[in-house]
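Trainee: Let me give you the structure first, and then I'll get to my questions.
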Amino acid sequence: MWEFTSPRTIVFGEEALEYLKELEGKRAFIVSGRSVSKLGITSRVEDSLLEAGMEVRVFDQVEPEPSVDTVTKGAKSMLEFCPDWIVGLGGGSSMDAAKAMWILYERPDMEVAMINPLERLGLRKKSRLLCIPTTSGSGSEATWATIITDPEGKVKMELPSREAVPDIVILDPFLPSLMPPALTAQTGMDVLTHSVEAYASQWRNDFSDAFAIKAIRLVFGYLPEAYRNGRSILAREKMHNASTMAGWAFSNSQVGIAHAMGHSLGALFKISHGRCVGIFLPYSVEYSALEVKDRYVEIAEAIGVEYANDDEALEGLLEAMKNLKRLIGEPDSIRNAGIPEDEFDAALDGLVDRAMTSAVTSVCPRIPSADDYRKLFTCAFVGERISF
Ligand SMILES: [Zn+2]
């Protein structure tokens, strides 16, 4: 038996934000970060909700990689205000914080660390969750994952609950059109990595496949244009839709070793999540092809690679990934991301240890040993092909 979880309503396309003006409810609580407020997005959302006849309270203090402290503060404010709508507005951090605050608001008897997939939360007695992503990357609007940093700031707690999948998602292409090119490129690589890894995972299924393969096609088709011409509403809309589809896919399948390695690298060096996983994606594909070459052949086929046999298809896919990265200015190795060799060498043991303890390692298509991880990191540092 398998359960596919998804948001109930997806509102997408130009002017999707207009949907807010007709949302029915009494009190809406917006959760966002300062940068989104500075761009004027929070006030625009607030105005629309006021026009819908609601009272609105704004909590715009969510930091990147939100802490338990922030979540507790937001939940306390919700308990005073008694909203019947929670609006998560921003990138993955704001949406994740909104999910966690909402859970504590509904269940004041709980603490953040108690959230887990086996706990019956009984949400939606007080309010529902609406998410509005402003970047096209994390896919958090479609997933049941909630990532919050522990009080010491060292551990990212993954707090999954199927009940925390939003009720409504609004995908307005105007919002990601405000992203600068570098952020567009990095978040775009995250979308591609989510969908390729979901498509190859041991937990893949017919439903996750459908969203993953479409997301992959959209990324190859539209990411270069979204990067080159940020105001292209068509490219922004396609990437925004792809991001949600990729979130849907990996939330109902799983990511793989590019994420295990990417989380490791991101914990030890100041490199964004999207750039980290994007660096490791081709290496992980080449490594995993020993077990799931057929899956990569299907991806190659979907993006229009011409090939005479499976090996050519795999080469064509790797070449297409390389070309995509070149077009959007993303590095193809850890060294080219600006990490000096001595710092990498000093961190290597820690990188391997962290990747080995990642939860996704056990369900990826080819499970690496510590020695394999060491070789993978080393190849990805210098930009060497995988031959083991
Ligand atoms: Zn990711």
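Values quoted throughout were computed directly from the atomic coordinates according to the rules given, and no laboratory measurement underlies them. In this text the structure is predicted, and so the values were computed from the model without any measurement. Heads up, the Cβs are rebuilt from the backbone with ideal geometry, glycines too, and the neighbour counts pull from every protein chain shown.
Trainee: What is the ratio of the Cα radius of gyration of segment 118-261 to 2.2 N^0.38 Å, with N the residue count, to two decimals?
Mentor: Against the compact-globule rule of thumb, the ratio is 1.06.
Trainee: Would you work out which of F220, Q254, L348 lies farthest towards the positive end of the dipole of segment 180-382? Charges go on Cβ: Lys and Arg +1, Asp and Glu -1.
Mentor: Value: F220.
Trainee: Take T5 and E312, extend 7 Å from each Cα along the Cα→Cβ direction, and tell me the distance between the two endpoints in nm.
Mentor: 4.4 nm
Trainee: When the dipole is taken about the Cα centre of the chain, and only Lys, Arg (+1) and Asp, Glu (-1) are charged at their Cβ, what size is it in debye, to the nearest 20?
Mentor: About 780 debye.
Trainee: Give, to the nearest whole percent, the P(r) tail of segment 9-177 beyond 24 angstrom, counting all Cα pairs.
Mentor: Beyond 24 Å sits 26 percent of the P(r) for segment 9-177.
Trainee: Which percent of Cα pairs goes in each bin when the distances of the chain are cut into 20 angstrom slices starting at zero?
Mentor: 30, 58, 12, 0
Trainee: Pop a pseudo-label 7 angstrom from the Cα along the beta-carbon direction at both D47 and K270 and give the gap in nm to one decimal.
Mentor: Here the answer is 3.6 nm between the modelled labels.
Trainee: Would you mind checking the pairs K293/K375; K99/K293; K73/K238; K38/K325; K238/K325 and listing those with alpha carbons more than 25 angstrom apart?
Mentor: Cα-Cα > 25 Å for K99/K293; K73/K238; K38/K325; rest within.
Trainee: Quick check for me: using +1 on Lys/Arg Cβ and -1 on Asp/Glu Cβ, what's the dipole size of segment 161-250 about its Cα centre, in debye to the nearest 20? Walk me through the numbers before you get to the answer.
Mentor: Working: 8 positive and 9 negative charges, 61 e Å.
The calculated dipole for segment 161-250 is roughly 300 debye.
Trainee: List the residues, sorted by chain then number, that are 5 or more residues from G90 or on another chain and whose placed amide H is less than 5 Å from its amide H.
Mentor: Placed amide hydrogens put I132, T134 under 5 Å from G90.
Trainee: When the convex hull of the Cα atoms of segment 61-144 is projected onto a plane and the area is averaged over all directions, what value comes out in nm²? Working shown, then result.
Mentor: On the way: hull surface 20.9 nm².
Mean projected area for segment 61-144: 5.2 nm², to one decimal.
Trainee: Please give the net charge around L314, taking every other residue with its beta carbon less than 9 angstrom from that of L314, where Lys and Arg add +1 and Asp and Glu add -1. Let's see the in-between values first.
Mentor: Details: positive: K293; negative: E286, D310, D311, E312, E315.
Taking every other residue near L314 into account, the sum is -4.
Trainee: Report relative contact order for segment 180-382 in percent, whole number only (criteria: Cα-Cα under 8 Å, sequence separation at least 6). Intermediate results must be reported in sequence, preceding the final value.
Mentor: Details: 317 pairs, mean separation 54.2, N = 203.
Answer for segment 180-382 is 27 percent.
Trainee: Next question, about the same structure. Taking the Cβ of Y199 as the center, what net charge do the other residues with Cβ under 9 Å away carry, scoring Lys and Arg +1 and Asp and Glu -1?
Mentor: Net local charge, Y199 excluded: -1.
Trainee: Starting from 0.36 nm per residue, how many nanometres of slack lie between E291 and T72 once their C-alpha separation is accounted for?
Mentor: On the way: separation 219, 0.36 × 219 = 78.84 nm, distance 4.41 nm.
That works out to 74.4 nm of additional length.
Trainee: Divide by every residue of the chain the summed helix terms, -39500 (n - 2.57) for each DSSP H run of at least 4, and state the resulting mean residue ellipticity at 222 nm, rounded to the nearest 500 deg cm²/dmol.
Mentor: About -17000 deg cm²/dmol.
Trainee: If each residue of separation counts as 0.36 nm, what is the full-extension length gain between N336 and E55 once their alpha-carbon separation is subtracted? Please list the in-between numbers first.
Mentor: Numbers: separation 281, 0.36 × 281 = 101.16 nm, distance 4.97 nm.
That pair, N336 and E55, stretches by 96.2 nm at full extension.
Trainee: Can you check how the C-alpha radius of gyration of segment 1-95 compares to 2.2 N^0.38 Å, as a plain ratio?
Mentor: Numbers: Rg = 14.2 Å, N = 95, 2.2 N^0.38 = 12.4 Å.
For segment 1-95, the normalised Cα radius of gyration is 1.14.
Trainee: Contact order normalised by length for the chain, with contacts defined as Cα pairs under 8 Å and 6 or more residues apart; what percent is it?
Mentor: Result for the chain is 15 percent.
Trainee: Rounded to the nearest 20 debye, what is the charge dipole size of segment 96-202 about its Cα centre when +1 sits on each Lys and Arg Cβ and -1 on each Asp and Glu Cβ?
Mentor: Here segment 96-202 has a charge dipole of around 300 debye.
Trainee: Taking a point 7 angstrom from the Cα of M110 along the C-beta vector, which residues in segment 9-33 have backbone N less than 14 Å away?
Mentor: none
Trainee: What trypsin sites (Lys or Arg not before Pro) in segment 1-34 are in a loop by DSSP, with at most 15 other Cβ atoms within 10 Å of the Cβ?
Mentor: R8, K26
Trainee: Fully extended, how many nm does the chain gain between D345 and R231 (0.36 nm per residue separation, minus their Cα-Cα distance)?
Mentor: Using 0.36 nm per residue and subtracting the Cα-Cα distance, I get 36.9 nm.
Trainee: Between F388 and N205, what is the label-point separation in nm under the 7 Å Cα-to-beta-carbon projection?
Mentor: 3.6 nm
Trainee: Same structure again: Using a Förster distance of 41 Å, how high is the FRET efficiency between D371 and R162, based on the Cβ-Cβ distance and rounded to 0.05?
Mentor: 0.70
Trainee: Return one quarter of the surface area of the convex hull spanned by the alpha-carbon atoms of segment 340-388, equal to its mean projected area, in nm².
Mentor: 3.6 nm²
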